[in-house]
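Take a look at the structure set out below.
The values are calculated or read from the model by the stated rules, or taken from the named source; none is laboratory data. What you are looking at is a predicted structure, and each value in this text was computed from that prediction instead of being measured. A quick note on method: Cβ atoms are made from the backbone with ideal geometry, for glycine too, and the neighbour counts reach across all protein chains shown. With ligands, DNA and RNA removed, areas are computed over all heavy atoms of the protein, side chains included. Shrake-Rupley method; radii C 1.70, N 1.55, O 1.52, S 1.80 Å.
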Amino acid sequence: QVQLVESGGGSVQAGGSLRLSCAASGDTSRRYCVGWFRQAPGKEREGVAATYTGGGSTRNADSMKGRFTISQDNTKNALYLQMNSLKPEDTGMYYCAAGYLSTYDCYSHSWGQLEVIFGYWGQGTQVTVSS
């Protein structure tokens, strides 16, 4: 299994930037699918971005394309989410999540499927964007 811990959340002004980090530990020797989800108050949790450890392609939710960028540092077992041009509607709890999926499944599954299949979740980090 993999343990995940998010950090980097906070409060920023609209138009600002924030960089979230996700530190992974445990069985990180195996490659796995990992990504970010977020949940605003009163809203369903939604996928933000995902990638595969060890390098590879990335995928982003349409609403965040061009503003959010997922990246990783395999030597540090760390995952990042660079968020630019933040909007008030980006406010919410951001979660790092992972699952031992194939590369194909990591990129082909819908966000809803990934949410169900991912077995490892961090505690979340709060992001608040004010206008």
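Within segment 1-52, restricting attention to residues that are without any contact (Cβ under 8 Å) to a residue 40 or more places away in the chain and under 20 Å from VAL127 (Cα atoms), the residue that is most open to solvent (accessible area, probe 1.4 Å) is GLU44. One residue stands out among those in segment 81-131 that are aromatic (Phe, Trp, Tyr) and assigned to a helix (DSSP H, G or I): the one that is surrounded by the fewest Cβ atoms within 10 Å (Cβ to Cβ), which is TYR104. When segment 104-131 is filtered for residues that are in contact (Cβ under 8 Å) with a residue 60 or more places away in the chain and β-branched (Val, Ile, Thr), the ones remaining, listed by number, are THR125, VAL127, THR128, VAL129. Considering segment 57-71, and only residues there that are under 19 Å from LEU114 (Cα atoms) and open to solvent by 60 Å² or more (accessible area, probe 1.4 Å), the residue that is modelled with the lowest pLDDT turns out to be LYS65.
Among the residues of segment 69-106, just one is under 14 Å from the mean Cα position of the chain (by Cα) and over 19 Å from GLU6 (Cα atoms), namely CYS106.
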